[in-house]
1. Relative contact order (percent) for the chain, with alpha-carbon contacts under 8 angstrom and 6 or more residues of separation?
2. Can you give the angle from 0 to 90° between the axis of helix 21-59 and the longest principal axis of the chain, with both taken from C-alpha atoms, to the nearest 10?
3. Test of understanding: ordering Val212, Val45, Val154, Val195 by Cβ neighbours within 10 Å, fewest first, what list do you get?
4. Can you tell which of Leu170, Val217, Ile35 lies farthest toward the positive end of the dipole of segment 12-241, using +1 and -1 charges on the Cβ of basic and acidic side chains (Lys, Arg; Asp, Glu)?
5. For the chain, find the longest principal axis of its Cα atoms and tell me its angle to the long axis of helix 104-130, 0 to 90°, nearest 10.
6. Find, among the trypsin sites (Lys or Arg not before Pro) in segment 8-88, those assigned to loop by DSSP (not H, G, I, E, B) with at most 15 other beta-carbon atoms within 10 angstrom.
7. Helix 203-241 versus the longest principal axis of the chain: what angle, 0 to 90°, nearest 10, using Cα atoms?
8. Quick one: what are the phi-derived ³J(HN,Hα) couplings along segment 84-100, Karplus 6.51/-1.76/1.60 with θ = phi - 60°, whole Hz, x for glycine and proline?
Amino acid sequence: MQEWFSKIAFDFRQSFIDSDRWQALLSGLGTTLLITVLALVIGVVLGVLVAVVRSSYDQKKKKGGVLGLLNKICYVYITVIRGTPMMVQLLIMYFVIMASSTNTMLVATLSFGINSGAYLAEIIRGGIMAVDRGQSEAGRSLGLSYVQTMRFIVIPQAIKTILPALGNELIALLKETSIVNVIGMKDITKWAINVQGRTYQAFMPFLGIAAVYLVIVIILTKLVSIMERRLANDGTAKKRSH
């Protein structure tokens with residue numbers, strides 16, 4: 001047993017302490033989190049725009065026109081992105097669309113943002129469609145424009161419904177970023193691969209990054225749960241005040 005603990009301690013020191021490898025781990029973690037945050041911002045913007053177009057088209061009595069064309073474009077976008085693997089999309093962006101660019105952070109952010117936008121669009125669209133149509137009609141009757149009605153009345157109510165799904169998408173996005181090492185980015189997965197290649201020890205570095213991902217996912221899950229409770233409490237308080 002003592003020999004086993006000694007080996008674990010040696011592997012830990014060799015993987016994390018020697019040559020200040022923990023600093024490279026922190027740097028890789030920063031890259032992972034930065035890609036996740038930036039891609040989420042792009043995904044939310046794209047998701048809201050696509051969801052608004054598609055939900056507006058679904059609620060429109062007369063189909064066709066400019067809105068019909070935009071809806072078809074959005075449908076193709078969602079179908080293509082959701083129907084192809086994330087790694088393939090990343091490689092196409094890196095080797096084909098942005099082949100002349102050396103900015104791998106930009107390539108990764110756009111790739112994951114566009115991918116996330118397709119999934120978020122359907123999530124947000126479902127939330128918008130779940131809001132009673134009378135809410136938007138009431139907003140328009142008060143003199144609000146369509147954009148103002150969506151911004152101040154419909155989307156805030158939709159967020160309460162789709163928050164758990166949004167949290168799941170954020171967690172999935174975080175874990176999917178582990179493939180950015182295929183385009184040479186030094187995230188935490190690339191760090192583990194490099195350590196394994198230099199120390200010939202796979203157990204400790206890969207177990208280490210698994211633990212890092214697990215801790216972050218637990219924290220994000222807890223934060224989403226807190227936000228859900230607060231939104232639920234705010235909604236209850238408003239009903240009581242009325």
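1. Relative contact order comes out at 28 percent.
2. 20 degrees
3. Fewest-to-most ranking of Val212, Val45, Val154, Val195: Val45, Val212, Val154, Val195.
4. The residue sitting most towards the positive pole is Leu170.
5. 40 degrees
6. Lys60, Lys61, Lys62, Lys63
7. Helix 203-241 sits roughly 30 degrees off the main axis of the chain.
8. 10, x, 4, 5, 5, 4, 5, 5, 5, 5, 6, 8, 10, 5, 10, 4, 7
Bear in mind that the values in this text are calculations on the coordinates, not laboratory data. Small disclaimer: the values here were computed from a predicted structure and weren't measured. Every residue, glycine among them, receives a Cβ derived from its backbone with ideal geometry; neighbour counts consider all protein chains shown.
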